[in-house]
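Comments concern the structure below.
The numbers here are math on the coordinates, done by the rules we state, and not lab data. Here the structure is a predicted model, which means the values were calculated and not measured. All Cβ positions, glycine included, derive from the backbone under ideal geometry; neighbour counts span all protein chains shown.
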Amino acid sequence: KQEVTQIPAALSVPEGENLVLNCSFTDSAIYNLQWFRQDPGKGLTSLLLIQSSQREQTSGRLNASLDKSSGRSTLYIAASQPGDSATYLCAANSGGYQKVTFGTGTKLQVIP
Amino acid sequence: DGGITQSPKYLFRKEGQNVTLSCEQNLNHDAMYWYRQDPGQGLRLIYYSQIVNDFQKGDIAEGYSVSREKKESFPLTVTSAQKNPTAFYLCASNRGDYGYTFGSGTRLTVV
């Protein structure tokens, strides 16, 4: 059974810092991995989707990498801003309609 | 713009009452999902549907029911058999192995 872990559960950084969020998964046979952002009381907003054949995806200040062999994905946020404060979740898709496993998220606070 | 609409945003349920959460999508996605989110826990799958008139139980289906009469709509009913329904409910959809799109959620509280 796939397990997805996100450590740390919470992170506080000063504005302007570059930071890395981690996502680990136990079964390397994944189809894709997706990163989401969730603001308090809101739904999940998709940030980046990495297919299994890709090593990384970039969108603006965000860069996500995928290393299936080691069971890891990282989300790199450059020049962090207070507006980046949110919970970031990753989801590993092992294929099939009910085989997406979500991590519990990393709650990020960017301090002005 | 295409997306998923969930309503209502807040819902209050009395003991013994059934309530229905609405989920509508205009993305032309075949698959739709209902998840439950509790503090400190990951998302847990309640039900999913791959096509119209077909749906499958997820990990925590007890006390819930769904229907899929139209491609665009996947309502979730929380029945009186669900003993701990207070949670944040999220509807999602996707196409094939492409990424998921989520709605804005419904917060259900038992009063």
For a distance above 17 Å, tell me the whole-number percent of Cα pairs in the range B:34-74 that qualify.
33 percent
Taking amide H atoms as placed 1.01 Å from N in the peptide plane, list the residues 5 or more away in sequence, or in a different chain, whose amide H sits under 5 Å from that of A:Thr104.
A:Gln6
Computed from every Cα-Cα pair in the range A:46-111, P(r) in 5 Å bins starting at 0 and rounded to whole percents is 4, 15, 24, 27, 17, 9, 4, 1
Considering chain A as a Gaussian network with a 10 Å cut-off on Cα pairs, which listed residue, A:Leu19, A:Leu47, A:Leu89, attains the greatest mean-square fluctuation?
A:Leu19
Rg/Rh for the protein assembly as shown: what does it come to with C-alpha atoms and Rh from Kirkwood?
0.97
Below 13 Å Cα-Cα, how many Lys pairs turn up in the protein assembly as shown? Only count pairs eight or more apart in sequence, or on different chains, if you could.
4
Cα centroid distance between the range B:12-40 and the range A:1-31, in Å?
27 Å
Restricting to Cα atoms and excluding each atom paired with itself, what does the Kirkwood estimate give for the range B:48-111 in Å?
13.1 Å
When B:Tyr48, A:Tyr76 are ordered from fewest to most other Cβ atoms inside 10 Å of their Cβ, what list results?
A:Tyr76, B:Tyr48
Considering chain B as a Gaussian network with a 10 Å cut-off on Cα pairs, which listed residue, B:Glu62, B:Glu15, B:Glu24, attains the greatest mean-square fluctuation?
B:Glu15
Expressed as a whole-number percentage, the relative contact order of the range B:23-66 with C-alpha contacts under 8 angstrom and at least six residues apart is 29 percent
First select every other residue whose beta carbon is under 14 angstrom from the beta carbon of B:Pro85; then total the charges, Lys and Arg +1, Asp and Glu -1.
+3
What are the ³J(HN,Hα) couplings of the range A:21-34, residue after residue, when phi is run through the Karplus curve with 6.51, -1.76, 1.60 and θ = phi - 60°? Round to Hz, x for glycine and proline.
9, 10, 9, 10, 9, 8, 9, 6, 7, 10, 8, 7, 9, 10
Counted neighbours (other Cβ, 10 Å), sorted fewest up, put B:Asp54, A:Asp27 in the order B:Asp54, A:Asp27
What do you get for Rg/Rh of chain A when both radii come from the Cα atoms and Rh is the Kirkwood radius?
0.96
With Rg and the Kirkwood Rh both taken from Cα atoms, where does Rg over Rh land for chain B?
0.94
